[in-house]
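The values are calculated or read from the model by the stated rules, or taken from the named source; none is laboratory data. Only a predicted model underlies this, so the values are computations on that prediction, with no experimental measurement involved. Neighbour counts run over all protein chains shown; Cβ positions are idealised from the backbone, glycine included.
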Amino acid sequence: MSNRTYLTTPIYYASGEPHLGHAYTTILADAFARFARQAGDRVLFLTGTDEHGQKIQEEANRRGVEPIELCDEMAERFRDAWDLLDIGYDRFIRTTEAEHIAIVQSFVQRLYDRGYVYAGEYSGWYSVSQERYFTEKEIGPDRVDPIAGKPVEWVEEENWFFRMSAFQEALIAHIEANPDWIRPEVRKNEILGFLQQPLGDLSISRPKRRLRWGVELPFAPEHVAYVWVDALINYVTASGAIPAGTRPDDPAWDDVADSWWPADMHLIGKDILTTHAVYWPTLLMGAGLPLPRCILAHGWWVVGDTKMSKSLGNVVDPLQLRETFGGDAVRWYLLREMPTGSDASYTPERFLVRYDELANVFGNLAQRSISMIGKYRDGVVPDGPADGLDAAIDSTLSSVAASLSSYRLHEALATAMDLARTANGYVEEREPWAQAKDAARASDLDETLATLARVLGVLAALFHPVCPERAEELARRLGLDGVPTLDGARNDEPGGRTVHPGEPLFPRVQL
């Protein structure tokens, strides 16, 4: 990773509660951000709430409140959920912020001034659930949107359009010149396939007579910005690239080098790939801004054969799981179970398998190792050599670095857990309980215990981005001032440090 890392999640609709799908995306971004900070990067990790559009207006009407009241309530729900799940975001953006509204208006005015916006008539099948239009082919004979399965409605109205078609060839050229721009490869191929057909222009407004809850267009005050245009621009707002109040013709648009823009990675679900890999880059091209460096589209959490979605009523509440198992267990399950970029199926049985892995492999290693240092060396790590597992540590760190460089976090976590398994095997092989009975083997016991202290420091560093609370507790029990960096843990000399036994890191849970 570079010395500067800007990571974003989607901003979540403020019309429903956070669910397991939201949690996965946000925890995945948080883990990448923590690994980047561990490597010494300056990090900006952005998340937030998407607070305009027809869906928000209709949900507020249903509840009998003003849209901003609904948005205020739901933004707090998301903030509270992320606090409980130990999300270390740097910026929580809301699209109702005055700063963001000003930048959206300047952005669309700049598109207009550059000749990329025009007025026209639009007709098509519109999904309120997804806040987007679908083609006849996409909605099929049942006329439901292909993502949430909700009904669509036929809409005919005057709109303002962005000349997205003008950038089709430039977008194709960018994707082909940057084969890792969209990850995984199957998603890149999906977008290239989409771009084989002529790219239409994008409706970027909605008339106020139908929708009042949005950002007013500066050149057409009887219209508000299409919610996806408004939402996507949040990434630029949070970057500080364009200060609020900047005129569309200001030179600041042409020099963003001192800001966080462009983003290093947009982390999204595959259902919003087209908006991020087609709409967004062409809008940026129109405004003359650099494109993000990477778009990582992960899969869906499914229940049975169906995507987990609040629209379908089949969501799993991550905070209920947290109450029983702890936040770190939820984080571990989500990131360990889903191969980055693919779908995964949530089941309680698989959750328990992953929890048992934490408890019986990682947690058991920590418990037995610290207990033996307490029992055999009065709680002080001996000064003997601590290199008994150095080859395994080096191999693990090399594999983890390779997995992270390709954003395959699930592989990095599997490798980290394998190191814990190897260390448990080392305990069985060395039999410290037998070494402790033979005074002639005192130096062997010292080496065993010092090696275990070192490998636990490395594991604390490896697990910290995913299990921050338990990793910090492990570091405390090892007598460390805090969780070390990976390099610091690898080169640590633990001899002379006092350990502090405690209850199991991941206790048995009575269901």
**Report entry** Which listed residue is hydrophobic (A, V, I, L, M, F, W, C) and not in a helix (DSSP H, G or I), from V65, V108
**Finding:** V65
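Can you find, within region 65-92, the residue that is farthest from S239 (Cα to Cα) among those that are among the β-branched types (V, I, T) and surrounded by fewer than 16 Cβ atoms within 10 Å (Cβ to Cβ)? Working first, answer last.
Step one: filter region 65-92 for residues among the β-branched types (V, I, T), giving 65, 68, 87.
If we keep only those that are surrounded by fewer than 16 Cβ atoms within 10 Å (Cβ to Cβ) too, we end up with 65, 68.
Numbers: V65: 32, I68: 24 Å.
Among residues in region 65-92 that are among the β-branched types (V, I, T) and surrounded by fewer than 16 Cβ atoms within 10 Å (Cβ to Cβ), the one farthest from S239 (Cα to Cα) is V65.
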Query raised in the report: When residues of region 150-173 are filtered for being modelled with pLDDT of 95 or more and buried (at least 16 other Cβ atoms within 10 Å of the Cβ), how many remain?
Result: 8
Query raised in the report: Do you know which of the residues in region 131-142 that are in a loop (DSSP other than H, G, I, E, B) and loosely packed, with under 14 Cβ neighbours inside 10 Å is farthest from the chain's Cα centre (by Cα)?
Result: P141
Query raised in the report: Condition test on V316, is it assigned by TED's automatic domain parsing to the domain that holds R476, surrounded by 16 or more Cβ atoms within 10 Å (Cβ to Cβ) and in contact (Cβ under 8 Å) with a residue 24 or more places away in the chain?
Result: no
Query raised in the report: What single numbered condition from (1) over 30 Å from S403 (Cα atoms); (2) touching a residue at least 24 places away in the same chain (Cβ under 8 Å); (3) crowded, with 17+ Cβ neighbours inside 10 Å fails to hold for D444?
Result: (2)
Requested in this report: Give region 93-111 a look and list any residue that's surrounded by fewer than 19 Cβ atoms within 10 Å (Cβ to Cβ) and over 21 Å from Y6 (Cα atoms), or say none.
Outcome: A98, A102, Q109
Report summary line: Residue pairs within 7 Å by beta carbon, gap of at least six or interchain, first lying in region 421-432 and under 11 Å from L389 (Cα atoms) and among the small types (G, A, S), second modelled with pLDDT of 95 or more and surrounded by 14 or more Cβ atoms within 10 Å (Cβ to Cβ), listed first then second, are A423/L365; A423/L389; A423/L452; A423/V455
Query raised in the report: In region 41-57, how many are outside any strand (DSSP E or B) and free of Cβ contacts under 8 Å to residues at least 60 places away in the same chain?
Result: 2
Requested in this report: Hey, can you tell me all the residues within region 161-194 that are assigned to a loop (DSSP other than H, G, I, E, B) and either more than 28 Å from A119 (Cα to Cα) or outside the structural domain of A277 (by TED's automatic domain parsing) (or both)?
Outcome: N178, P179, D180, W181, P184
Query - Residue in region 215-258 that is nearest to the chain's Cα centre (by Cα), counting only those that are modelled with pLDDT under 95 and of a type in the set (G, A, S) - result: A257
Query - Count of residues meeting criterion [of a type outside the set (A, V, I, L, M, F, W, C) and more than 19 Å from S395 (Cα to Cα)] in region 418-434 - result: 5
Query raised in the report: Taking the condition basic (K, R) and either at pLDDT below 95 or buried (at least 19 other Cβ atoms within 10 Å of the Cβ) (or both), does R62 pass?
Result: yes
Report summary line: With the first residue restricted to region 248-274 and required to be within 15 Å of Y235 (Cα to Cα), and the second required to be assigned to a loop (DSSP other than H, G, I, E, B) and among the β-branched types (V, I, T), Cβ contacts under 6 Å at 6 or more apart or on different chains are L267/T9
